[in-house]
Amino acid sequence: MQTPSDQTTEADKADLAAKVTGYLETAVTLIRDKSTKPLADVINTILIAVMLVLGISFLAVIFTIGIVRLFDDLVFSGHVWATYLLLGGISFVAGLFLIRKLGKERSHIV
């Protein structure tokens, strides 16, 4: 037969187990929040950046193909060398403009 002191001991053991479980859960949550979540955020940011770069590259290629076909078919009527000359000239002038924008300290490049 159990005495009242034995019942108290059983309740204290259950309460102690609940407290220890609570402390362990708090510790594990704290460690996860300090280690796993920042790493997941960094990986997520890198993944988004890579997807943006790939998407922009894809759109740039599609745009360039469209412009070359447009000029080749409608403007220069089959003279693709004229299209390449025009787009090369535009790219050259844009490059010169961007180099000029670098500033006076880097103007020795031109």
> Looking at residue 66, is it of a type outside the set (Asp, Glu), at positive phi and without any contact (Cβ under 8 Å) to a residue 24 or more places away in the chain?
Replying inline: no
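Yes or no, residue by residue, for (1) among the basic types (Lys, Arg); (2) part of a helix (DSSP H, G or I); (3) farther than 19 Å from residue 91 by Cβ:
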| site | (1), (2), (3) |
| --- | --- |
| 37 | yes, yes, yes |
| 49 | no, yes, yes |
| 58 | no, yes, yes |
| 70 | no, yes, no |
>> Going by what's in this entry, would residue 42 be described as more than 30 Å from residue 90 (Cα to Cα), modelled with pLDDT of 90 or more, within 29 Å of the chain's Cα centre (by Cα) and assigned to a helix (DSSP H, G or I)?
In response: yes
> Restricting the first residue to the stretch 91-102 and requiring it to be modelled with pLDDT under 90, which pairs with a second residue that is outside any helix (DSSP H, G or I) meet a Cβ separation below 8 Å and a spacing of at least six or different chains?
Replying inline: 99/110; 100/110
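The values are calculated or read from the model by the stated rules, or taken from the named source; none is laboratory data. The shown structure was predicted, so the numbers you read here are calculated from the model rather than taken from an experiment. Cβ: placed from backbone, ideal geometry, glycine included. Neighbour counts: every protein chain shown.
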